[in-house]
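Structure first, then comments.
Values in this text are rule-based calculations from the coordinates and carry no lab data. Note that the structure is predicted; figures quoted are calculated from it, not measured. Quick reminder, even Gly has a Cβ in these numbers, built from the backbone with ideal geometry, and neighbours come from all protein chains shown.
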Amino acid sequence: MNWSLAAFIAVTVLAIPLGMKALASGRGKPPPGEARYSVVMKGFALLVVLLPPLGTGLLLDAMDAQLKQDDLVVIAAAVLAFMGMWSPLVLEFFRVRHTFDALQLEYRTPWTRHRTLRWAEVKALEWSQAVKWLVLEDAQGARYRISPLLGGLEDLGRTALERLPPAVLQASPTGAAALELMRRGKVFGLLMGQTAPETMLRDLPPERGSSSLSGR
């Protein structure tokens with residue numbers, strides 16, 4: 001076996017569990033009043049895009065393949081297509097950045113124009129179990145999607161629970177429970193579980209010295 005290929009396989013085998021541990025650690029969280037993807041998440045996005053093409057190159061080198069020009073064109077096209085397919089992930093992780101305070105949410109993504117949503121003007125709240133995101137909707141029907149993968153959700157969840165109209169929270173117990181899980185930093189269940197947020201919240205031990213969602 002070519003030593004470069006062996007090194008690549010070893011690094012990949014080690015990087016996967018270490019990467020998953022780093023993602024779960026929440027390192028690189030944004031400052032208060034900001035929700036964005038952490039440095040670790042951005043590194044993960046780059047890894048997903050760049051690692052397979054690098055592996056392809058090392059594999060071809062290890063095989064010492066004598067490829068024709070047409071074969072090289074096909075392989076290069078496949079690699080570029082793969083990188084293009086995953087480039088939206090890089091854009092998402094690097095360009096999404098929301099800021100917020102007690103009055104409003106400043107919403108920035110590469111897919112929509114910069115928008116501002118006042119908490120008092122939110123008319124609907126929804127948790128989408130299928131696509132795993134929280135949706136806020138204003139009176140004009142504009143939708144603001146919040147991913148549980150973002151850093152800074154503890155502060156965002158707390159602010160939203162305090163500032164959203166009570167009628168909106170009461171009308172969507174599922175969305176309110178998702179916000180409470182975000183506030184508590186319990187987003188892994190939102191991402192990976194198939195249980196309703198209300199059930200996940202009910203199964204958590206009560207917090208000491210703070211009111212629960214049911215007491216809001």
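At a glance:
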| quantity | calculated |
| --- | --- |
| Protection-proxy order for peptides 166-178, 136-148, 102-114, each taking the mean of Cβ atoms within 10 Å per residue, highest first | 166-178, 136-148, 102-114 |
| For peptides 35-44, 120-129, 149-158, sequence by mean Cβ density within 10 Å, most packed first | 149-158, 35-44, 120-129 |
| Cβ charges +1 (Lys, Arg) and -1 (Asp, Glu), total dipole of the range 87-216, debye | 220 |
| Neighbour net charge for Ala124 - beta-carbon separation under 12 angstrom, K R +1, D E -1 | -2 |
| Nonlocal amide H pairs with Trp133, under 5 Å, H built at 1.01 Å | Ser128 |
| Nonlocal amide H pairs with Gln104, under 5 Å, H built at 1.01 Å | Trp119 |
| Extended-chain gain in nm, criterion 0.36 nm per residue less alpha-carbon gap, Ala139 and Asp203 | 19.6 nm |
| Other-chain or far-sequence residues with amide H under 5 Å of Lys29's (modelled H) | none |
